[in-house]
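Report on the structure given below.
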Amino acid sequence: MPSFDVVSEINFQEVDNAVNQTSREISQRYDFRGTDSKIELDKNTKIIQLVSNSENKIDNIIDVLYAKAAKRQIDLKTFQTGKTESAGGMTKKCAITLAEGIDKDSAKKIVKFIKELKTKVQAAIHDDKVRITGKKRDDLQDIMGELKSKDFELPLQFNNFRD
């Protein structure tokens, strides 16, 4: 029976490259000269820390990061930007969390959406992915198209397609 998995994964090497490019651009740009602006990726906690001396500079760093990530084909839905906070003195900081995996609520929304399509496929939740099985390969490809067209606030990929 044909099946495939719906997952939400991040290529951490590409994220690391985007963060390094952003850091390099911050160190070279004229409008960041004289500021203590920096960006760091913590791979263990999957959090990007931004530090600067004003909220405007933080927003500029985020814009540069998003531009670099888009060039590296990283879906911008993976970045969940937190609020800009004061870090003492003139320093401001912001944390960007990298969303990986499909949480239970999103998985339930995906399964509900698939059931509302009234096609002859079954969807089951397995940890941080959703497995979809059906009798016909064409039905599964139609489901893939429908899932791509709907926005679930998650970057969705399809893998493990089996015939």
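The values are calculated or read from the model by the stated rules, or taken from the named source; none is laboratory data. Being a predicted model, the structure only gives us computed values, none of them experimental. Positions of Cβ are backbone-derived with ideal geometry, glycine not excepted, and every protein chain shown enters the neighbour counts.
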Exercise for review: Would you point out which residue out of K115, K83 is assigned by TED's automatic domain parsing to the domain that holds A18 and either in a strand (DSSP E or B) or surrounded by fewer than 14 Cβ atoms within 10 Å (Cβ to Cβ) (or both)?
Suggested key: K83
Point to revise | Conditions (1) of a type outside the set (K, R); (2) under 29 Å from F79 (Cβ atoms); (3) without any contact (Cβ under 8 Å) to a residue 40 or more places away in the chain; number of the one not met by E100 | key: (3)
Review point. In region 63-88, what residues are charged (D, E, K, R) and either in contact with a Gly (Cβ under 7 Å, 6 or more places away or on another chain) or under 16 Å from V51 (Cα atoms) (or both)?
Key: D63, K83, E85
Point to revise | Failed criterion for K135 (all others in (1) within 17 Å of the chain's Cα centre (by Cα); (2) loosely packed, with under 15 Cβ neighbours inside 10 Å hold) | key: (1)
Point to revise | Tally of residues being part of a helix (DSSP H, G or I), touching a residue at least 24 places away in the same chain (Cβ under 8 Å) and of a type in the set (D, E, K, R) across region 1-57 | key: 6
Practice item. Please enumerate the residues belonging to region 76-93 that are under 17 Å from the mean Cα position of the chain (by Cα) and touching a residue at least 24 places away in the same chain (Cβ under 8 Å). Key: K77, T78, F79
